[in-house]
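Student: Let me begin by handing over the structure; questions about it come next.
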Amino acid sequence: MKVFLRTFGCRANHADSEAVHAAITAAGHEVVRSADVADCAVFNSCAVTAEAEADLRSAVRRAARRAPGLRSVVMGCVAGLADRESVLRALPTVQEVVPGGDVAGVARALGLSPGALRHPRQQNTRALLRIQDGCDQHCTFCTTRLARGAN
């Protein structure tokens, strides 16, 4: 299986995407650079701004136009907001919505075995180290607390 992986947003999302990448390759599948040649796509979403959400929706639609047979999974912060699930499911090719950084949930959505989940071997030159997930603050502009839960 060939999987296109696209990440929006912060370093926490990039760390989650690294873990998804590791699960895909550990299961013997390939991560590809374009949705055009992929069987599946995973979009790791950001909900910090309305523009970030619009970018996600645009990317999903673009991938669907290029590869109508694509099976897509949306994960990340937008997927973690209950009021956005129906909007995400209405996007073309989206079959699964997995809240937050639930790598096991994404693996299940892709049909990967639980044994594929290992410690990620990161692809970037700068390694990402997760120190905190979620937030206890209540900033008026930010939905991270709602999408990722408490610290």
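Student: Just the residues that are in contact (Cβ under 8 Å) with a residue 12 or more places away in the chain, of a type in the set (A, V, I, L, M, F, W, C) and part of a helix (DSSP H, G or I), please, taken from the stretch 58-86.
Tutor: Those that are in contact (Cβ under 8 Å) with a residue 12 or more places away in the chain, of a type in the set (A, V, I, L, M, F, W, C) and part of a helix (DSSP H, G or I): A59, V60, A63, A64.
Student: From the set of residues in the stretch 13-32 that are within 15 Å of the chain's Cα centre (by Cα) and not aliphatic (A, V, I, L, M), which is surrounded by the fewest Cβ atoms within 10 Å (Cβ to Cβ)?
Tutor: H14
Student: Output the number of residues of the stretch 79-96 satisfying the condition of being surrounded by 14 or more Cβ atoms within 10 Å (Cβ to Cβ) and farther than 19 Å from L110 by Cα.
Tutor: Total meeting the criteria: 3.
Student: Still on this structure: With the checklist (1) part of a loop (DSSP other than H, G, I, E, B); (2) at pLDDT below 95 in hand, flag the one item G115 doesn't pass.
Tutor: (1)
Student: In the stretch 13-37, what residues are more than 17 Å from V103 (Cα to Cα) and either part of a strand (DSSP E or B) or of a type in the set (G, A, S) (or both)?
Tutor: If the condition is that a residue be more than 17 Å from V103 (Cα to Cα) and either part of a strand (DSSP E or B) or of a type in the set (G, A, S) (or both), then V32, S34, A35 are the ones that fit.
Student: Can you name every residue in the stretch 38-48 that is without any contact (Cβ under 8 Å) to a residue 40 or more places away in the chain and open to solvent by 20 Å² or more (accessible area, probe 1.4 Å)?
Tutor: Selection gives D39 alone.
Student: Shifting gears a bit: Filter the stretch 33-52 down to residues that are within 13 Å of the chain's Cα centre (by Cα) and at pLDDT 95 or above and give me whichever is nearest to E85 (Cα to Cα).
Tutor: Across the stretch 33-52, the extreme among qualifying residues is S45.
Student: Mind listing whichever residues of the stretch 98-116 are within 17 Å of D39 (Cα to Cα) and under 15 Å from the mean Cα position of the chain (by Cα)?
Tutor: Residues satisfying the conditions are V106, A107, R108, A109, L110.
Student: Suppose the filter is open to solvent by 20 Å² or more (accessible area, probe 1.4 Å), in contact with a helix residue (DSSP H, G or I) (Cβ under 8 Å, 6 or more places away or on another chain) and aromatic (F, W, Y); does F4 pass it?
Tutor: yes
The values are calculated or read from the model by the stated rules, or taken from the named source; none is laboratory data. Keep in mind that this is a model prediction, so the values were computed, not measured. Positions of Cβ are backbone-derived with ideal geometry, glycine not excepted, and every protein chain shown enters the neighbour counts. Surface accessibility is based on the protein's heavy atoms, side chains included, excluding ligands, DNA and RNA. Shrake-Rupley method; radii C 1.70, N 1.55, O 1.52, S 1.80 Å.
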